[in-house]
1. Tell me which of these C93 doesn't satisfy, since it passes every other one: (1) within 27 Å of R158 (Cα to Cα); (2) open to solvent by 10 Å² or more (accessible area, probe 1.4 Å).
2. Please determine, by comparing only the residues of the stretch 142-200 that are open to solvent by 50 Å² or more (accessible area, probe 1.4 Å) and of a type in the set (A, V, I, L, M), which one is modelled with the highest pLDDT.
3. Name the residues in the stretch 19-78 that are within 16 Å of P94 (Cα to Cα), among the polar types (S, T, N, Q) and out of contact with any Ser or Thr (no Cβ under 7 Å at 6 or more places or on another chain), would you?
4. State the number of residues belonging to the stretch 123-141 that are at pLDDT below 95 and part of a loop (DSSP other than H, G, I, E, B).
5. Residue pairs, Cβ under 9 Å, 6 or more apart or interchain, first in the stretch 95-116 and over 22 Å from E32 (Cα atoms), second open to solvent by less than 10 Å² (accessible area, probe 1.4 Å) and in a helix (DSSP H, G or I). List them.
6. From the list T98, T53, T68, T74, which one is within 15 Å of W191 (Cα to Cα), of a type outside the set (G, A, S) and either open to solvent by less than 30 Å² (accessible area, probe 1.4 Å) or modelled with pLDDT under 95 (or both)?
Amino acid sequence: MTQADTSPRPSKKAQRDAMLRRFTGHVQELVEDPAVRRALRPAARYSLDDERTEAARWELLHWIHNRTDEPELTRSRNIRSAMFLTAGLIAQCPTARTLEERWHEHARSADRDPQPPYGLRFDLGLALAELERRTREDGEGRRQAEPGAGRLTPLRKRLVQAVRAEPEDLPLLMSRTISYLHSQQACVPAWWTLASDLVEHAYRPGAVGMHWQESFLRLPEWRRPAPFDTDPS
């Protein structure tokens, strides 16, 4: 008799995140085709039910029915909506570099362990924090003063808006925020992490907002003394 497999099964969230990683990787390959980019782009602005997103909806359904081995994970409307929106954001910014990609480039160049430090999330909060850190340094690398008491920088205002957003307002907010990061030549969140957070936001918006705030505010060891997007000389 063969010995039964007693290894623990991945949690539902771990299975879902693995599926979202495969999906977003697939979309990144798809958007190399200009026609597919045009088809998917409306998904960043309109809902799953909008007639203007029919072509994008067919791309999503094609993947669900032909490319995933976990169809039960995609039956939830919240998961499909998060996948749909993320596909639209990828099509909107097809050349954007993600925080996760930048981390692996840094790890290779610095001969570091490619595994990110525990607790590091390549999410929206970290993307905004890295851009804020960059904008607070002048050409000579000197840090500018912190904003005065009671004042928020524009990037912190974007974070607050995302944290406080109602689920129905999040798609437009994400579209504007990701486009802004890309326009500033900043890294965007890892696409699969963003998709996972969008799923969670439908159920627990407060918890997702807390994750984004922690990623924005924390200064763990890996960010001292130099941020990971500084190439070693």
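The values are calculated or read from the model by the stated rules, or taken from the named source; none is laboratory data. What you see is a predicted model; the values in this text were computed from it and never measured. In this analysis, Cβ positions are derived from the backbone assuming ideal geometry, glycine residues included, and neighbour counts consider all displayed protein chains. Surface accessibility is based on the protein's heavy atoms, side chains included, excluding ligands, DNA and RNA. Shrake-Rupley method; radii C 1.70, N 1.55, O 1.52, S 1.80 Å.
1. Going through the list (1) within 27 Å of R158 (Cα to Cα); (2) open to solvent by 10 Å² or more (accessible area, probe 1.4 Å), C93 breaks only (2).
2. Filtering the stretch 142-200 down to residues open to solvent by 50 Å² or more (accessible area, probe 1.4 Å) leaves 142-146, 149-152, 154, 156-158, 161, 164, 166-169, 172, 176, 180, 182-185, 192.
Add one more test, that the residue is of a type in the set (A, V, I, L, M), and what stays is 145, 149, 152, 172.
Working: A145: 50, A149: 47, L152: 85, L172: 93.
If we take residues in the stretch 142-200 being open to solvent by 50 Å² or more (accessible area, probe 1.4 Å) and of a type in the set (A, V, I, L, M), then L172 is modelled with the highest pLDDT.
3. Once the filter is applied, which keeps residues that are within 16 Å of P94 (Cα to Cα), among the polar types (S, T, N, Q) and out of contact with any Ser or Thr (no Cβ under 7 Å at 6 or more places or on another chain), the stretch 19-78 yields only Q28.
4. 5
5. Here the result reads D113/A107; P114/W103; P114/A107; Q115/A107; P116/W103; P116/A107, each pair linking the stretch 95-116 to a residue that is open to solvent by less than 10 Å² (accessible area, probe 1.4 Å) and in a helix (DSSP H, G or I).
6. Details: T53 fails: within 15 Å of W191 (Cα to Cα); T68 fails: within 15 Å of W191 (Cα to Cα); T74 fails: within 15 Å of W191 (Cα to Cα).
Result: T98 is the single residue among T98, T53, T68, T74 that is within 15 Å of W191 (Cα to Cα), of a type outside the set (G, A, S) and either open to solvent by less than 30 Å² (accessible area, probe 1.4 Å) or modelled with pLDDT under 95 (or both).
Residues checked against (1) assigned to a helix (DSSP H, G or I); (2) modelled with pLDDT of 95 or more:
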residue	(1), (2)
Q28	yes, yes
L40	yes, yes
A43	yes, yes
A91	yes, yes
W103	yes, no
A107	yes, no
R112	no, no
